[in-house]
1. For Ser67, all conditions in the list (1) more than 13 Å from the chain's Cα centre (by Cα); (2) buried (at least 17 other Cβ atoms within 10 Å of the Cβ); (3) not hydrophobic (A, V, I, L, M, F, W, C) hold save one; what is the number of the exception?
2. Can you tell me which residue is farthest from the chain's Cα centre (by Cα) among those in the stretch 70-109 that are open to solvent by 50 Å² or more (accessible area, probe 1.4 Å), under 22 Å from Asp131 (Cα atoms) and β-branched (Val, Ile, Thr)?
3. Could you please tell me which pairs satisfy a Cβ distance under 7 Å, a separation of 6+ or placement on different chains, a first residue in the stretch 127-153 that is on the phi > 0 side of the Ramachandran plot, and a second residue that is surrounded by 12 or more Cβ atoms within 10 Å (Cβ to Cβ) and not in a loop (DSSP other than H, G, I, E, B)?
4. When the stretch 111-153 is examined, which residues are found to be open to solvent by less than 60 Å² (accessible area, probe 1.4 Å), over 24 Å from Gly61 (Cα atoms) and not in a strand (DSSP E or B)?
5. So Ile46 ticks every box in (1) within 17 Å of the chain's Cα centre (by Cα); (2) open to solvent by 80 Å² or more (accessible area, probe 1.4 Å) but one. Which box is left unticked?
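The values are calculated or read from the model by the stated rules, or taken from the named source; none is laboratory data. On a predicted model such as this, the values are computed, not experimentally measured, just so you know. Cβ: placed from backbone, ideal geometry, glycine included. Neighbour counts: every protein chain shown. Only protein heavy atoms, including side chains, enter the accessible area calculation; ligands, DNA and RNA are left aside. Shrake-Rupley method; radii C 1.70, N 1.55, O 1.52, S 1.80 Å.
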Amino acid sequence: MKIMRYLLGAVMTLMVAGCEPFVDDTNDFPVLESLDNTLWYSYDKINDIYYDVTYGENGEGVMLGYSEQERVNEVVNRPFTYTFSPATEQINAVVRINFEDGQYYGGFLVPKGVYQISMVDVYFIQLYEVDAEGEVIYNLDGTMKSTMQMWME
């Protein structure tokens, strides 16, 4: 009976040791120094539109929206200009988009490894609708007028 207790104790010890979470600290993702020639994805849940957001060269880009996830039927085409200020030790990377129709968005880039989409680490941009001076626009009830999120693997 003593042998059974020792065996049971050994098995329990191994089980507890096996429950240690595996932490992988080797994920050093590159820091984005530029948005030039990158493709980002977004989804508008309210209007059920799938977006491809392309940041081109010379601060110009385009946001294309599709009615299906397969990106067949284009329903939105919004050219924009953008600025990008890379992150420093004290400040997150800053993104500003100016659509040709006069709508402005400003926000920040979250480094890869903080968010996951479908279990994949992604870079993430969070934008807020702003006025021409860069101040966030709020509705009468105190909520932000409009936000936009996009991600890239």
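1. Here Ser67 clears every test but (2).
2. Of everything passing the filter in the stretch 70-109, Thr81 is farthest from the chain's Cα centre (by Cα).
3. Going by the 7 Å Cβ cut-off, the qualifying pairs are Gly134/Gly106.
4. Scanning the stretch 111-153 gives a single hit, Gly142.
5. (1)
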